[in-house]
Amino acid sequence: MKLLAQLAEHLNAQLIGDAACGVSAVATLEHASPGTISFLANSKYRKFLSQTKASAVLIKADDLPFVAPGVNALVVTDPYVAFAQIAQMLDTTPQIARGIAPSAIIDATAVLGNNCALGPNVVICAGAVLGDDVQLGPGTVVGEGARIGTGSRLWANVTVYHRVVIGMNCIIHSGAVLGSDGFGFANKAGNWLKIPQMGTVLIGDNCEIGANTTIDRGAIEDTVIGKNVIIDNLCQIAHNVQLGDHSAMAGSASIAGSTKVGRYCIIGGGVGINGHIEIADGTQITGMSMVTRSLADKGVYSSGMPAVTNAEWRRNTARLRQVEQLFQRVKQLEHQLQHLSQDGQQPSTED
């Protein structure tokens, strides 16, 4: 439990109410109960401020008049960021591992820092290096010569291939595979010849990588994930991709090989990005879009078709099939108008 006085000091917030009030969890305005703290980041939920049962709320100064009587307030510039900071303070997520399990297998040439924790059946291969305070969940495998930075945490069954480098304070969720072979093959008379993938994967500090996401190693050079990059579940990043600092990638998005994505980019869920292209810093790509060319100018890009009723979809699809026919008719009419103009005649307006 934390006192509001402690939270206000941590956030540098203005405290309105009882400084000795304690909170032990975060909650939504609508479903909060005594002993919890909530927040208002979207004005459409303002109506719940007067009804909430939370002990305290995180709000902007403009929303203070709408707070229910008896509810304490912490006035901040950005309630959502403040909520994230408080949630970290009140986080009850258990440690991934404690101590070194007897079933863990550690090669004699591996180097472990201070206070590392390895769950059951963890495997640390030859020459691997773990920094201080690294936690590895059950069944995680760290390949030969791989390096994991101080304070990083890998949940159960993560696979880190040989020579992969993970920065400090990263979180890698269950089932992620880092450093598997890129999709590199040459075709000889109809037969596929494998191209050994000689690069590796470099992941910057303070990154989070979601469950069952795969990041392929580079073919010759490295696949590089910048610092403070967040990647959702079930994403695929191909060989030689560069994903810039502070970028975000939502679930099921994929980036094909050798593409360079800039800094501070946001890639929506289900997006597909072609290979060998470049995406400018600060670009946003909305969900289900397909990017087939370089995006040199910062902006918001979309191509996914939003859902409509089945009747609308059928109607639009039928019209789409007529586009080529309509195009040819327009070309024919333009050709006729050109001839009429050359002959000095006025085009007929009759049907």
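Computed from the coordinates by the stated procedures, all read-outs in this text should not be read as laboratory data. This is a predicted model, so every value here is computed, not measured. Glycine gets a Cβ as well: all are built from the backbone with ideal geometry, and neighbour counts include every protein chain shown.
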Residue separation between HIS335 and ASP78 times 0.36 nm, minus their alpha-carbon distance, gives in nm 86.5 nm
As an exercise, take the mean of 1/r over every pair of distinct alpha carbons in segment 27-101, invert it, and state the Kirkwood radius in angstroms. 13.1 Å
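Tell me the Kirkwood radius of segment 105-301: reciprocal of the mean inverse pair distance over distinct alpha-carbon atoms, in Å.
Values: mean 1/r = 0.0594 Å⁻¹.
Taking the inverse mean of 1/r over all distinct Cα pairs, segment 105-301 comes out at 16.8 Å.
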Once the Cα gyration tensor of segment 93-192 is found, what semi-axes does its equivalent ellipsoid get, as square roots of 5 times the eigenvalues, in whole Å, sorted largest first? 28, 14, 12
Per residue, what volume in Å³ does the Cα convex hull of segment 201-351 take up? 172 Å³
Length gained when the stretch ASP62-ASP91 is fully extended (0.36 nm per residue, less Cα-Cα span): 7.6 nm
log10 I(q)/I(0), Debye, Cα-only the chain, no solvent, q = 0.07, 0.13, 0.14 Å⁻¹? -0.48, -1.10, -1.17
Rounded to the nearest 0.05, FRET efficiency between MET305 and LEU326 (Cβ-Cβ, R0 22 Å) equals 0.65
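Please identify every one of the GluC sites (Glu not before Pro) in segment 294-345 that sits in a loop by DSSP and has no more than 11 other beta carbons within 10 Å of its own beta carbon.
Of the GluC sites (Glu not before Pro), not one in the loops of segment 294-345 has a Cβ with at most 11 other Cβ atoms within 10 Å.
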In whole Å, how far is the Cα centre of segment 259-326 from that of segment 1-39? 42 Å
5 angstrom amide H check on ARG147, placed H, neighbours 5+ away: VAL129, VAL164, VAL165, ILE166
Rg to Rh ratio, segment 1-126, alpha-carbon atoms and Kirkwood radius? 1.24
Hull volume in cubic angstrom per residue (convex hull over the Cα atoms of segment 131-176): 53 Å³
Length gained if TYR45 through HIS31 is fully extended, taking 0.36 nm per residue and subtracting the Cα-Cα distance, is 3.8 nm
19 Å Cα-Cα reach of LYS260 towards lysines, excluding residues that sit fewer than 8 places from it in its own chain: LYS227, LYS298
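Filter the trypsin sites (Lys or Arg not before Pro) in segment 19-122 to those in DSSP coil with at most 11 other Cβ atoms within 10 Å of their Cβ, and list the result.
On the way: sites: LYS44, ARG46, LYS47, LYS53, LYS60, ARG98; in loops: LYS53, LYS60, ARG98.
Sites meeting the loop and neighbour criteria: ARG98.
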Enumerate the calculated ³J(HN,Hα) couplings along segment 154-166 in order (Karplus 6.51 cos²θ - 1.76 cosθ + 1.60, θ = phi - 60°), each rounded to whole Hz, writing x wherever the residue is Gly or Pro. 10, 6, 4, 6, 7, 10, 10, 6, 4, 6, 5, 10, 10
